[in-house]
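Q: Got a structure for you, questions after.
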Amino acid sequence: MIREPRILAPGQMEIPAGEIRFLFLPNRDLFSRRAARLRQLSKGHVLGDYLVFLSLLAEAQQKALNQFPVLSLPDPNEHAFSRENGTPHLAARSWPRNPVWRSGLFTILRQMKVAALPAAAQEAVAGLIRASETELEEMADRILAGELADISPQELPFVAAALQVYWVHMASSLKEDAFVKLEQTGLCPVCGSHPSAGIVRSGGTEQGLRYLSCSLCASQWHMVRVKCSICESTHGINYHILEDSNGAVKAESCDECNFYLKLFYLGKDSQTEATADDLATLTLDMLMDKEGKVRGGPNLLFHPGRSH
Ligand SMILES: [Zn+2]
Ligand SMILES: [Zn+2]
């Protein structure tokens, strides 16, 4: 792995903050685009089978999203409360979940049941179909609280996928002006979750701007570059790339807090999709782990291991 010198100062080469679009809510075709990207990345990939499994899961997520009923969402009074208090409207940890998210889960499970899955995954699907409402709600609480290591590695991707569908459904049903920047700029202004990765955009008015991509609702919000998304330090920021890579992905690490986040550069690969490309570059995570660095945000579809 190669460590790159710091090349930009925070905010340098960026357009004035007032003119920057602060938020992109997710599109309704998010999961089908993710499925296509995963399939593309799976070709010749050492983790090809795993990426194909994830592309099937993303297709099932798209089906669940397409079938989602209209839900009641925060009313204008709740919008005003969130604005005044600087809290996310659809806070992952406190939003009263509509039980319909479990209908989305069953759509996903039914779809995956007929896919050619390995035995362990088939067993997990069957187990989740039999699980009680209480068990599923408890798993959801844990996932949304960031306690991924407490969930079985086989069950995590299915339940997390259903929660993503529910939050993407809600986020994509609202308008961007319903949301305000949070004081803690490294957290999603829509649902308060950590980002799974950052995207450096290319072209148009967003050329060179960094957006963080939410691990739950897939919203993307602006954050200046060369700034740690965890502790907001602008000192001791370093970039790591894999040898022989074209620089389309880098890990941005922070000496202050020891966390890192991956950044994907759309200028190097315009097909990049944050969640898919994150899962296809786990080698970089392994190397960062060897360097003693800790991931700054989860990928909800990937189990972090029991040791954490
Ligand atoms: Zn979010
Ligand atoms: Zn930091």
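Just so you know, all these numbers are worked out from the coordinates, no wet-lab data involved. Here the structure is a predicted model, which is why all the values come from computation and not from measurement. Cβ coordinates were reconstructed from backbone atoms using ideal geometry, including for glycine residues, and neighbour counts include every protein chain displayed.
Q: If you filter the range 124-179 for GluC sites (Glu not before Pro), then keep DSSP loop positions with at most 14 other Cβ within 10 Å, what is left?
A: Here the GluC sites (Glu not before Pro) that fit, given the DSSP loop and packing criteria, are 147.
Q: While we're looking at this one, here's another question. Kindly provide log₁₀ I(q)/I(0) values, in the same order as q = 0.12, 0.17, 0.19, 0.24 Å⁻¹, from the Debye equation applied to equal alpha-carbon scatterers of the range 16-105.
A: For the requested q values the scattering log ratios are -0.61, -0.94, -1.01, -1.16.
Q: Distance cut-off 25 Å, Cα to Cα: go down the list 113/250; 227/290; 43/268; 43/250 and report the pairs above it.
A: Violating the 25 Å limit, Cα to Cα: 113/250.
Q: Same structure again: Going out from 0 in 10 Å bins, what whole percent of all Cα-Cα distances in the range 166-258 drops into each bin?
A: 16, 43, 32, 9, 0
Q: What number, rounded to the nearest 500 deg cm²/dmol, is the helix-based mean residue ellipticity at 222 nm of the chain, given -39500 (n - 2.57) per DSSP H run of at least four residues and division by all its residues?
A: -11500 deg cm²/dmol
Q: Which semi-axis lengths, in whole Å and largest first, follow from the square roots of five times the eigenvalues of the Cα gyration tensor of the chain? Mind dumping the intermediate values first?
A: Numbers: eigenvalues 172, 120, 61 Å².
Semi-axes, largest first: 29, 25, 17 Å.
Q: Can you give me the convex hull volume of the Cα atoms of the range 198-308, divided per residue and expressed in Å³?
A: Cα-based convex hull of the range 198-308, divided per residue, equals 106 Å³.
Q: Mind grabbing the base-10 log of I(q)/I(0) for the range 103-258 at q = 0.11, 0.12 Å⁻¹? Debye formula, identical points on the C-alpha positions, no solvent, two decimal places.
A: Scattering profile of the range 103-258, log10 relative to I(0): -0.58, -0.68.
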